[in-house]
Amino acid sequence: MVIAIDGPAASGKGTLARRLARHLGRPHLDTGLLYRAVARDMLDREEPLSDAALAARAAAALDTARLDDPRLRSREMGEAASIVSTFAAVRETLLGFQRRFARQEGGAVLDGRDIGTVVCPDADLKLYVTASPEERARRRQRELAQTGEPSDFETVLADIRRRDARDQGRPNAPLRMAEDAVLLDTTALDADAAFAEALRIVRTRLDV
Ligand code: CDP
Ligand code: CDP
């Protein structure tokens, strides 16, 4: 059983994917961490993120066992990830790992931008999680304040809008809702309510 969860930055897809996976007893992969880790490795070597050939090499050499590095969670790394993720060769290289993860026995829950459209087009259930840019900026701002990286609302909102434009506008695997995905708008839902709604959808669609 494969559950694919996609959506824009700070829509709550990661939190939801983690909770669903725990509830269903399945492994979870936050695929954004792969792109963040490619960016981290390049930044560590002081390589320009805009160099497609170097980015492809970094993706090919990626150590997928090191995805628990706390540095990957920073705002800088999210922004850097959205640059390296535009390159087709990077995406192609990371595809194999993601598909093997999804195909493991018993299935898995994956979240990202292109899980339902590219990585797992045959997923048993696809959720497209979204929320208004303002609500997503409020969530991100709250998180940044908690991690000691405070930022004003307008800056965070501009970051969110720039990331949306880059993720939706790129030619390779742009962020978009798969035709057979179920839309979950969490603008007016807190994390608990979003989880309850997702669970209702899962139970309606899947035999769990
Ligand atoms: O993975 P993604 O960037 O889509 O978002 P996240 O990291 O799961 O969630 C961003 C923040 O929004 C977290 O602090 C969540 O607790 C909070 N949140 C949520 O996940 N879901 C809601 N419906 C409301 C808030
Ligand atoms: O948590 P948040 O949504 O801010 O970021 P993330 O899911 O960790 O993804 C960081 C960046 O990686 C995104 O802005 C995308 O450009 C890229 N990404 C992607 O292209 N495809 C994926 N399946 C996951 C992430």
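The values are calculated or read from the model by the stated rules, or taken from the named source; none is laboratory data. Predicted, not measured: the structure shown is a model, and the values here were computed from it. Quick reminder, even Gly has a Cβ in these numbers, built from the backbone with ideal geometry, and neighbours come from all protein chains shown. With ligands, DNA and RNA removed, areas are computed over all heavy atoms of the protein, side chains included. Shrake-Rupley method; radii C 1.70, N 1.55, O 1.52, S 1.80 Å.
What is the distance in Å between the Cα centroid of segment 115-194 and that of segment 1-56?
13 Å
Read phi for every residue in segment 161-171 and hand back ³J(HN,Hα) as whole Hz from Karplus 6.51 cos²θ - 1.76 cosθ + 1.60, θ = phi - 60°, with x for Gly and Pro.
Calculated HN-Hα couplings, in order: 5, 5, 5, 4, 5, 5, 5, 7, x, 6, x Hz.
Which of the GluC sites (Glu not before Pro) found in segment 134-185 are in a DSSP loop and have at most 12 neighbouring Cβ atoms, other than their own, within 10 Å? Present the calculation step by step, with values, prior to reporting the outcome.
Values: sites: E134, E135, E143, E154, E179; in loops: E179.
Here the sparse-neighbourhood loop sites are E179.
How much of the DSSP bridge set in the chain is antiparallel, in percent, rounded to the nearest 5? Don't jump to the answer; show the numbers that get you there.
Numbers: 0 of 16 bridges.
Within the chain, antiparallel bridges account for around 0 percent of the total.
Where does the Debye-calculated log10 I(q)/I(0) of the chain sit at q = 0.12, 0.16, 0.17 Å⁻¹, using only Cα point scatterers of equal weight, no solvent?
-0.59, -1.09, -1.23
Over the chain, with every protein chain in place, what whole percent of the accessible area is carbon and sulfur at 1.4 Å, could you tell me? Don't jump to the answer; show the numbers that get you there.
Numbers: 4990 of 10070 Å².
Roughly 50 percent, rounded to a whole number.
Amide H of L29: which non-local residues (sequence gap of 5 or more, or other chain) have their own amide H closer than 5 Å, using H built in the peptide plane?
Here the answer is V109, L110, D111, since their amide H atoms fall under 5 Å of that of L29.
Loop only per DSSP, at most 15 neighbouring Cβ atoms within 10 Å: give me the GluC sites (Glu not before Pro) in segment 13-87, ordered by residue number. Mind showing how you got there, number by number?
Working: sites: E46, E76, E79; in loops: E46.
Taking segment 13-87 and a limit of 15 other Cβ atoms within 10 Å, the loop GluC sites (Glu not before Pro) found are E46.
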